[in-house]
Amino acid sequence: MAIVKRGLQVVGGITYRPFPHREFAEIVFCAISSTEQVKGYGSHLMNHVKDHIKDVSPIKHFLTYADNYAIGYFKKQGFSKEISLPQSVWVGYIKDYEGGTLMQCTMVPRIRYLEVQSFLATQKRLIQARINSFSRSHVVYPGLDVFRSQKDEKRDITSQASKVELIVQPNEVPGLKETGWTPEMDELINRSKRGPHFAAMRHILVELNGHASAWPFVAPVNANDVPDYYTVITNPMDLSTMESKLENNQYNTVDDLVQDAQLVFDNYLKIVWLSQELFTAFLCGMIALLFAAVAADQAIDGL
């Protein structure tokens, strides 16, 4: 099958080898003149082939070997590298090309491929109409009069003398109420999600975690390493737990965070008398918590 312009100028063509008893055909050759590419001839030609094959044979599938330059074209025509046809159907029937990529296209029985564009346009129109039946996104409102009056007065809006404060209430904007907007929405959006001391407390924890002596306090104590720890320590605390509490807005003030830091210190002070191995950790904890106290004082002074 070929596309021929007036004057017997061949634009492109497709040759295929049908295997009706196997319900597939091999696309042997497909080419469009280099001067006529990217004009839709390739898609139009392939759609003709698909409709013709469906009309005259029981063929439902196409197989082809595509080189690297043709893979993109065949993908646009509905071909895929995933071969669903059993090998027993096509092996030995089509020519195997070295360096080519085997691709398959399964045709949709109820589709007329030459009418796909009009079919999709109809679908789009119906979907858009359905959306418009319960949405107002397609409605275009006129501009606000306050801006129109400024334009009509032909003022130089760049000069300081002509600058005036334009206040537009949201409920005066046409169409905004219809979207479901309420003044409470603005209040909710403008409401701060973090407390006023969040940044300062975050700074303290970052400095604590980055301190060279903080390693014993970064995570909860492993009960397998210190079996009697949770027997003695009934209110455990560590830096990762403090970070989690901060992210969940459980610290209202810097003092709340300092209390947990003090709890880390007190816990290790208790356990060191029971476990000689934690003596070094106790010293490191004392240094780290002194560092945290200094950082807390600096953060509070900066508030």
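Counting the residues of region 47-59 that are over 16 Å from R17 (Cβ atoms) and in contact (Cβ under 8 Å) with a residue 40 or more places away in the chain gives 4. The criterion of at least 1 residues that are touching a Phe, Trp or Tyr at 6+ places or on another chain (Cβ under 7 Å), surrounded by 10 or more Cβ atoms within 10 Å (Cβ to Cβ) and at pLDDT 80 or above is met by the following helices (runs of 4 or more DSSP H) wholly inside region 124-227: 198-210. For A292, the conditions (1) part of a helix (DSSP H, G or I); (2) of a type outside the set (K, R); (3) at pLDDT below 70; (4) out of contact with any helix residue (DSSP H, G or I) (no Cβ under 8 Å at 6 or more places or on another chain) are fulfilled apart from (4). Would it be correct to say that P109 is surrounded by fewer than 14 Cβ atoms within 10 Å (Cβ to Cβ) and touching a Pro at 6+ places or on another chain (Cβ under 9 Å)? Spelling it out, it is not the case that P109 is surrounded by fewer than 14 Cβ atoms within 10 Å (Cβ to Cβ) and touching a Pro at 6+ places or on another chain (Cβ under 9 Å). Quick check on S43: is it loosely packed, with under 11 Cβ neighbours inside 10 Å, within 40 Å of the chain's Cα centre (by Cα) and of a type in the set (S, T, N, Q)? Considered against the rule, which asks whether it is loosely packed, with under 11 Cβ neighbours inside 10 Å, within 40 Å of the chain's Cα centre (by Cα) and of a type in the set (S, T, N, Q), S43 comes out as no.
Annotation: I3 fulfils all but one of (1) outside any strand (DSSP E or B); (2) more than 23 Å from G100 (Cα to Cα); the unmet one is (1). Considering every residue within region 17-33, establish whether at least one is at pLDDT below 95, farther than 19 Å from M107 by Cβ and outside any strand (DSSP E or B). Yes, region 17-33 contains a residue that is at pLDDT below 95, farther than 19 Å from M107 by Cβ and outside any strand (DSSP E or B).
The lone criterion from (1) of a type in the set (A, V, I, L, M, F, W, C); (2) surrounded by 12 or more Cβ atoms within 10 Å (Cβ to Cβ); (3) not assigned by TED's automatic domain parsing to the domain that holds G42 left unmet by L120 is number (2).
The values are calculated or read from the model by the stated rules, or taken from the named source; none is laboratory data. Keep in mind the model is a prediction, meaning the values are calculated, not measured. In this analysis, Cβ positions are derived from the backbone assuming ideal geometry, glycine residues included, and neighbour counts consider all displayed protein chains.
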